[in-house]
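Below is one structure; the comments refer to it alone.
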Amino acid sequence: MSKRYLVRRLIQIPFTILGILTIIFFLMRLSGDPATLFASQNASVEDLAAIRERMGFNDPLIVQYGRFLLDILRGDFGNSLRYDQSAFWLIARRIPATLKLAFASLLFSVLIGVPVGVVSALKRDSFIDKLSMLFVLIGQGAPVFWIGIMFIMIFSLQLKWFPASGDGSFKHIILPSFTLGLFFAARIARFTRSSIIEVKHEHYIRTAQYKGLTPKGVFYKHIAKNAAIPVITIIGLSLPSLIGGAVMVESIFAWPGFAGFIVTAVSNRDYPVVQSGVLFMAIFVAIINLLVDVIYCLLDPRITYD
Amino acid sequence: MVKKPMNRKILSGFFSNFTGIVGIFLLSAILLLAVFAPVFTQHDPVVSNLKVKLQPPLADPNYVFGTDQLGRDIFSRLVFGARVSMFVGIASTLISCVLGVALGLMSGFFGGWFDNIVTYLCDVMLSIPFIVLVIAVIAILGSGTVNVIITLGLSGWVQFAKIARSKALTMRNLEYVVSAISTGASSKRVLFRHILPNTVPSIITMASFQFAQMIIAEASLSFLGMGIRPPAPSWGGMISDGRSFMQTSWWLSAIPGIAILLVVVSANLIGDWLREQNDKNITSF
């Protein structure tokens with residue numbers, strides 16, 4: 001991978017963020033009176049007028065837009081309307097918890113998804129294959145918040161194996177990460193299966209078989225290595241949606257991360273926090289995408305981006 | 001690729017058609033139930049009847065799926081909830097489809113600054129996970145059926161635009177398109193008569209996946225209390241209501257989730273089947 005490509009991608013990130021800021025800014029203005037987003041539910045007409053004056057909503061649009069961007073450039077995301085703290089810090093200090101949940105879910109989904117996909121590809125059209133394809137269908141079709149509630153009902157309320165909410169011990173992370181990882185595991189299983197099936201029919205696999213390699217040797221030396229690349233691609237491509245799923249999972253399990261906090265902020269009508277949360281999300285996704293690109297190139301020297 | 005033995009080919013052909021048919025059958029059954037909801041239900045989905053509250057499924061033949069905390073028939077609420085979900089799903093998919101295809105075709109066909117803007121907009125939209133984008137927009141617009149449709153429609157067009165754009169890009173240089181242009185056909189005519197018809201199979205495939213995603217997104221919003229406003233029945237709202245009774249009445253949350261699962265799985269099955277039919281790779285996973 002050329003350095004030029006990497007630099008170009010790095011330069012792209014601020015432009016993407018700028019785009020998101022622009023969309024947020026204009027959506028807020030299109031919604032009617034932006035002051036209502038920064039007022040409490042029972043604000044009077046005078047309160048609204050005061051907010052309009054204080055936040056400069058009476059100025060020309062272009063002036064407001066410039067000020068909005070400048071504030072964010074200075075790191076000023078506004079104060080939370082609910083907690084009277086910087087919205088930036090409210091979100092920032094919840095990032096480690098979200099990362100922890102995301103990593104745990106990723107680990108779980110790879111540990112489940114890859115073996116399920118491998119077995120069903122090698123035993124194609126067998127009963128096990130049909131069963132794992134059913135797992136894939138359900139895993140990809142069930143809404144993540146419903147899975148979470150079913151898990152709480154079964155494993156927390158009935159069997160009392162795991163706590164239903166919060167963070168603290170190792171046991172706390174099991175249910176949320178399984179919930180978040182299930183959809184992902186299904187996707188990984190599906191792609192592992194199709195990737196292996198495709199590679200199995202390549203000519204070099206037949207060559208390897210004809211030269212007398214054991215099935216195990218063929219699998220580990222030739223199939224697994226080549227089938228891994230599309231699977232890693234799909235993992236990388238899906239990481240943003242994993243972070244998106246964290247929004248639902250964190251709010252069901254009261255997980256103290258920033259993704260679920262966006263939902264709390266929406267119900268609190270705490271728009272500065274929503275805005276910072278969405279921005280962090282975008283920065284997060286941009287960094288993940290960049291890392292994924294770098295990892296591909298390290299894994300597969302054939303890939304270049306120029 | 002190695003040729004499959006003949007019997008396996010027929011078998012797997014049948015199998016893939018079979019799953020597609022199952023999907024179409026299931027989805028049309030649910031659609032029928034939704035459209036003719038009053039015919040299939042004997043109870044009002046909204047009026048409460050505390051005398052029969054929290055009946056488990058199958059306990060009373062009048063309430064096959066049981067009743068909720070207010071004694072409302074779960075089956076009626078499911079069927080009327082299907083109306084809302086299906087309507088939101090279809091309407092928002094249509095909006096994002098029309099918007100995305102129009103933007104994508106024009107950006108691929110004309111290129112230049114317009115293409116740059118659309119591509120940039122797609123990149124920006126894709127840098128936020130769909131559900132987060134939807135929550136951020138609904139936080140501004142406020143809840144309610146119309147706002148949910150607008151939000152989902154405005155947030156979901158990117159996938160359509162990407163497909164339409166790449167189609168238009170490749171087709172612009174095909175001989176018959178070039179000759180149409182050189183014989184003096186207007187851009188409008190070339191786009192509508194020559195390029196658009198060829199994008200239809202991939203667009204329909206994408207639409208069925210997108211429909212599944214819209215159903216889940218609507219349910220998620222209603223579950224979070226940002227979607228369909230109660231007392232109107234919605235599947236996400238029913239799951240949310242059931243949370244307070246998880247310990248004693250499992251069916252309140254479990255049954256609506258199964259309904260969502262069925263719709264999403266059938267839409268995905270149809271999508272997979274269609275994709276196999278046009279045998280094209282489109283960028284949806």
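The values are calculated or read from the model by the stated rules, or taken from the named source; none is laboratory data. Note that this is a predicted model, so its numbers are computed, not measured. Cβ placement follows ideal geometry from the backbone for every residue including glycine, while neighbour counts extend to all protein chains displayed. Side chains included, ligands, DNA and RNA excluded: accessible areas come from the protein's heavy atoms. Shrake-Rupley method; radii C 1.70, N 1.55, O 1.52, S 1.80 Å.
Take the convex hull of the alpha carbons in segment A:71-192; its mean projected area over all directions comes to 10.4 nm².
Taking the chain by itself as reference, segment B:257-271 contains these residues with an accessible-area loss of 40 Å² or more in the full protein complex (1.4 Å probe, heavy atoms): B:261, B:265. Counts of other chain beta carbons within 10 angstrom of each beta carbon in peptide A:244-254 average 3. When nucleic acids and ligands are ignored and a 1.4 Å probe is applied, residue B:119 ends up with an accessible area of around 50 Å². Where only DSSP H runs of four or more residues are counted, chain B gives -23000 deg cm²/dmol as its mean residue ellipticity at 222 nm, each run worth -39500 (n - 2.57). Net charge in the neighbourhood of residue B:169 (other residues with Cβ under 12 Å of its Cβ; Lys, Arg +1, Asp, Glu -1) is +3. Each label was represented as a point 7 Å from its Cα along the Cα-to-Cβ direction; for residue A:124 and residue A:294 these points are 3.8 nm apart. For peptide A:136-142, the mean count of partner chain Cβ atoms within 10 Å of a residue's Cβ comes to 5.
Per residue, the average separation of C-alpha pairs within less than 8 Å and at least 6 apart gives segment B:12-284 a relative contact order of 25 percent. Remark: accessible area buried at the B-A interface is about 4100 Å², both chains counted, probe radius 1.4 Å. Averaged over its residues, the protein assembly as shown has an accessible area of 48 Å² per residue, based on protein heavy atoms and a 1.4 Å probe. Each peptide in A:45-57, B:89-101 receives the mean, over its residues, of other Cβ atoms within 10 Å, and ordering these scores from highest gives B:89-101, A:45-57. Sorting B:123-131, B:197-205 by their mean Cβ neighbour count within 10 Å, with the most densely packed peptide first, gives B:123-131, B:197-205. Centre-to-centre separation between the Cα atoms of segment B:142-212 and those of segment A:199-278: 29 Å.
In segment B:12-284, the portion of solvent-accessible area held by carbon and sulfur atoms comes to 68 percent [1.4 Å probe, whole percent, DNA, RNA and ligands not counted]. Given their separation in residues at 0.36 nm each and the Cα-Cα distance between them, residue B:47 and residue B:276 gain 77.9 nm when the chain is fully extended. A full extension of the chain between residue A:53 and residue A:216 corresponds to an added length of 51.4 nm, given 0.36 nm per residue minus the alpha carbon distance. Once the C-beta distance of residue B:245 and residue A:76 is scaled by a Förster radius of 60 Å, the resulting FRET efficiency is 0.85 to the nearest 0.05.
With the alpha-carbon atoms of segment B:12-284 aligned to their principal axes, the span from lowest to highest coordinate is 76, 47, 28 Å, starting with the largest.
Each of A:23, B:155, A:294 was placed along the dipole of the protein assembly as shown (beta-carbon charges, centred on the mean Cα), and the one lying farthest toward the positive end is A:294.
Normalised by the number of residues in chain A, the mean separation of alpha-carbon contacts (under 8 Å, six or more apart) gives a relative contact order of 26 percent. Of the residues B:236, B:111, B:227, the one that moves most in a GNM of chain B with alpha-carbon contacts below 10 Å is B:111. Shown here is the pair-distance distribution of chain A: with all Cα-Cα distances grouped in 20 Å bins from zero up to the longest one, the shares run 27, 48, 22, 3, 0 percent. Within the shell of other residues whose beta carbon sits under 15 angstrom from the beta carbon of residue B:97, the net charge comes to +3, with Lys and Arg scored +1 and Asp and Glu -1.
What is the diffusion coefficient of segment B:81-129 in µm²/s, taking the Kirkwood radius over Cα pairs and the Stokes-Einstein relation at 10 °C with a viscosity of 1.306 mPa s?
The diffusion coefficient I find is 129 µm²/s.
Measuring heavy-atom accessible area with a 1.4 angstrom probe and counting protein chains only, the residues of segment A:145-189 that give up at least 50 Å² relative to the chain alone are A:145, A:146, A:149, A:153, A:157. The Cα atoms of segment B:130-229 define a convex hull whose projected area, averaged across directions, is 7.2 nm². A convex hull fitted to the Cα coordinates of segment A:1-111 yields 173 cubic angstrom per residue.
Expressed as a fraction of 2.2 N^0.38 Å, the value expected for a compact globular protein of N residues, the C-alpha radius of gyration of the protein assembly as shown is 1.02.
Top mean-square fluctuation among A:276, A:241, A:44, Gaussian network model of chain A, C-alpha springs under 10 Å? Evaluated over chain A, the most mobile residue of the options is A:44. Peptide B:113-121 has a mean shielding of 1, counted as Cβ atoms of other protein chains within 10 Å of each residue's Cβ. For the pair residue A:111 and residue A:254, label points projected 7 Å from Cα toward Cβ lie 2.6 nm apart.
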